[in-house]
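We did not get these values from a lab; they are worked out from the coordinates using the rules stated. Keep in mind that this is a model prediction, so the values were computed, not measured. Here the Cβ is made from the backbone with ideal geometry for all residues, glycine too, and neighbour counts use every protein chain on show.
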Amino acid sequence: MVGSFETINFALRPTKSIERKMIVEGLRAVARGYALDEYRYVGLASPYFQDFSLIHRSLDLHDMVSIEGQEDTGARMEFNRPFACITLKEGMTHDVLPQLTWERPAIVWLDYDDGLDKAKLEDLDLLLSQLLPGSVFLLTFSVHRDGQAAYERLASDIGAPDYPVGGDYPDVESVWKYARAVYDIVNERITAGIDARNGVQPPESHIAYRQMYHFRYRDSSRMLTLGGLLHYTSDAETILPRCRFEIVDELRKGAEALEVKSPKLTNREIRFLDRLLPHNETPDTEEEGIPAEEVEKYVAVYRYFPAFVEADF
Amino acid sequence: MTAPAAADDTVNADPSKRFFIEMLTKDVNLAAAISDLLDNSVDGAKRASGPTGTFTGKWVHVTFSEESFTVTDNCGGIPLDIAKKYAFRFGREDTPDDSPVPGGVGRFGVGMKRALFKIGDHFLVRSRNAGTSFEVDVDVPAWASHGTWKFPLVTPTPTPPDEDGTTVHITEVHPTVKQVLGTGSFQAQLTADVRSKLGQYISKGLEISINGTPVQSSVPLICLSSHTKPAHVQESIVGGLVDLRIVAGLAQKRHPASAGWYVYCNERLILGADRTPVTGWGDPSDEEREVPQYHNDFAWFRGFVFLTSPRPDQLPWNTTKTALDLDSEIYRYIRPKMQAIMRPLLSELRRAAREQASEQITEIVTSADEVAADSVPLAAVAQIIRTTRARTVKTETNILYQRPLTKVERAKKSLGVTSNRAVGEATFEYYYDRECGN
């Protein structure tokens, strides 16, 4: 599978960039309750290493592991490694994840290029079985399929005929129905994994999952990100209130996703709008001629949107 | 059998003996039933062994022919009051007297009964314990035809020099069983079966013989050296009631039929050489090859799961002790862990196969020590350390240098080329042809 970094210049994916910053915002909330600075970060990298850069800069994590599945990219990845604290591992997540040891909680973002399949569900099983409470995990999948054939293919990819594939989802836009089916499957697997782990532990060691992230966005294809915090059940009363997840607008607890859209505006328009924000109502820009729907999109993401050209060095 | 029409509004749900016997014995294969019977002797030996935990001096002799089947042991026998109240009941009472032997393998209270009914139509159970002894002699068809669920019991005076122990003697062997007992290979099969299932007890001193031939002990072994380090994780689960230990690595012999996962409950082998999705392998019908379906490249793989508990009812075995209870919480807990431990090993074996380097693995395992699996050091991840062979042989290399611009431009004109690279190539060839020749 050709790495998507070879077909798209990653620096030019604005929606992804916005999502990334929203994810960090969520992690800052976690840091209000947990000692995030001691965590390990595990991610799938491209030579652009953007998530690693952002996370190291924003959260000062010093133990970072990058997994690259494409063979013979070792030299290029090493050349592009942005910071000294990143260890590079070559191999598919399926092979590399079992080789990691989990002595401290971790943030794990498995930003897959492609769609859900059995091996990825097993990656998830591993995370659910090994991650320490306080850890955060995220999974990103391509969900660029629709139609009945897509559901049949999904059922055969994940190998289980009893998964709720092809639900009706009347409230979901038709292009995103498939994404919702994938969400349901992954969520069920998370529940099953947590039950399996709790089944043999006494109540004081039981863990729970608090969903934080549920994003949909499009770059060249439709993508889905979901994930959240694994915590001791007892943390719900003691630690989670300190995190104050409720003040981070971009987090989603349930099946309703946040669709991340990147507005198309000129720099001048951006600076104009910034002066009117934050504001309870969407600014009226009829006089300036800026399309209302772009303004709406901008208002939703303005804090995460670059105000000038950003360069990654 | 039907009850006479009653005046009250109940229905007859009385169990029929024939039905019961059939349910008990159906779908249980003979070897499994016999091993289950032997588990009783093992439990007796455990009860008698006390704190030392060895079985030295205890023996179990199995003898059979087409006419009869006999198991004799000196493993402590069944106390008379237990015999009267519990030993012949179908299933266990929920009382302290009838609870499973701590750390034992008897669990469902059916092993002996199942074997008795499975094998023949006439059985005799004789036992002696702490000065008491009893004898139960039953003609099954006769018993099945009358109403009560009791067996007649007599208590002869024990005569020395018998030791405390039990004899089970079955005659009027069922025709189908007779056929099996008569085949030449049955003894070998049964020996192999008993050896794999009860081999750990034999290694602790219990003597088991079949038709006079002793059964060898069997202890799970794994390779250990500086080049192959098994994974070994240990955890206490179910509130400290169950000890879980997982060990995975390479075996010394590349034997495909022995490869896979072995699961022991209280040292009794439940699942041997498993290479199915039950223990985390890929489904052969799957097209997705990322999940490792068993393949002979993996023939060195051995994984062991040891589950130990003073409470056998907590362990995830099925009623015939031939498989894991897939609904059990312990099973659901260990399966992803087994998969995670297995994958790095399989990746490395697969990589070696792709590099045509399987003989490196052979070398590693032959020069390693084969040790008891539970004796290897604790390690979260298994390692196979070998030199990876490069798959491509480099045939070309770069030469990189700087030269003054003016000189390079002059050389370009002189050579009739336009790029720096062409200058480099041409000048190299110029020299090589003249000085290094062909």
Stokes-Einstein D in µm²/s, Kirkwood radius over Cα pairs - chain B at 4 °C with 1.567 mPa s viscosity: 50
Estimated FRET transfer efficiency (A:ALA236, B:SER375; beta-carbon r; R0 56 Å; 0.05): 0.85
Projected area averaged over orientations for the protein assembly as shown, convex hull of C-alpha atoms, nm²: 51.1
C-alpha long axis of helix B:420-435 to longest principal axis of chain B, angle in °: 80
Exposure proxy order (Cβ contacts within 10 Å, fewest to most) of A:CYS85, B:CYS75, A:CYS243: A:CYS85, A:CYS243, B:CYS75
Volume of the Cα convex hull of segment A:23-105, divided per residue and given in Å³: 91
Within-12-Å neighbourhood charge of A:ARG40 [Cβ basis; K, R +1; D, E -1]: -3
Dipole magnitude of segment B:285-388, debye to nearest 20 (Cβ charges: Lys/Arg +1, Asp/Glu -1, about Cα centre): 180
Global form of segment A:103-213, assessed from the alpha-carbon gyration tensor, a/c cut-off 1.5: prolate
Estimated FRET transfer efficiency (B:SER414, A:GLU90; beta-carbon r; R0 51 Å; 0.05): 0.65
Viscosity 1.306 mPa s, 10 °C: Kirkwood-radius Stokes-Einstein D of segment B:336-393 over Cα pairs, µm²/s: 122
Charge dipole (debye, nearest 20) of segment A:176-301; +1 at Cβ of Lys and Arg, -1 at Cβ of Asp and Glu: 600
Folded to 0 to 90 degrees: helix B:405-415 orientation relative to chain B principal axis, Cα: 80
Shielding by partners - mean other protein chain Cβ count within 10 Å, residues of A:86-96: 2
Amide hydrogen neighbours beyond the local backbone of A:ASP63, cut-off 5 Å, H modeled: A:TYR41
Likely footprinting exposure, B:GLU66, B:GLU359, fewest C-beta neighbours within 10 Å first: B:GLU359, B:GLU66
Neighbour-limited loop hits for trypsin sites (Lys or Arg not before Pro), segment B:319-349 (at most 15 other Cβ within 10 Å; DSSP other than H, G, I, E, B): none
Eligible lysines near A:LYS21 by straight Cα distance, threshold 23 Å, same-chain separation 8 or greater: A:LYS253, A:LYS261, A:LYS264, A:LYS297
Mean shadow area of chain A over all directions, Cα convex hull, nm²: 17.5
Whether segment A:1-152 is rounded, prolate or oblate, judged on the alpha carbon gyration tensor where a/c under 1.5 counts as rounded: rounded
Entries in A:LYS120/B:LYS253; A:LYS120/B:LYS197; B:LYS58/B:LYS84 that, when Cα-Cα distance is taken, lie over 29 Å: A:LYS120/B:LYS253; A:LYS120/B:LYS197
Over the protein assembly as shown: helical MRE at 222 nm, DSSP H runs n ≥ 4 each giving -39500 (n - 2.57), nearest 500: -10000 deg cm²/dmol
Relative exposure of B:THR54, B:THR279, B:THR388, judged by other C-beta atoms within 10 Å (fewest first): B:THR388, B:THR54, B:THR279
For A:ALA31, net neighbour charge (Lys/Arg +1, Asp/Glu -1) across residues whose Cβ lies under 13 Å away: 0
Quotient of C-alpha Rg and 2.2 N^0.38 Å, computed over segment B:134-257: 1.63
For segment B:194-343, size of Cβ-based charge dipole, Lys and Arg +1, Asp and Glu -1, in debye: 560
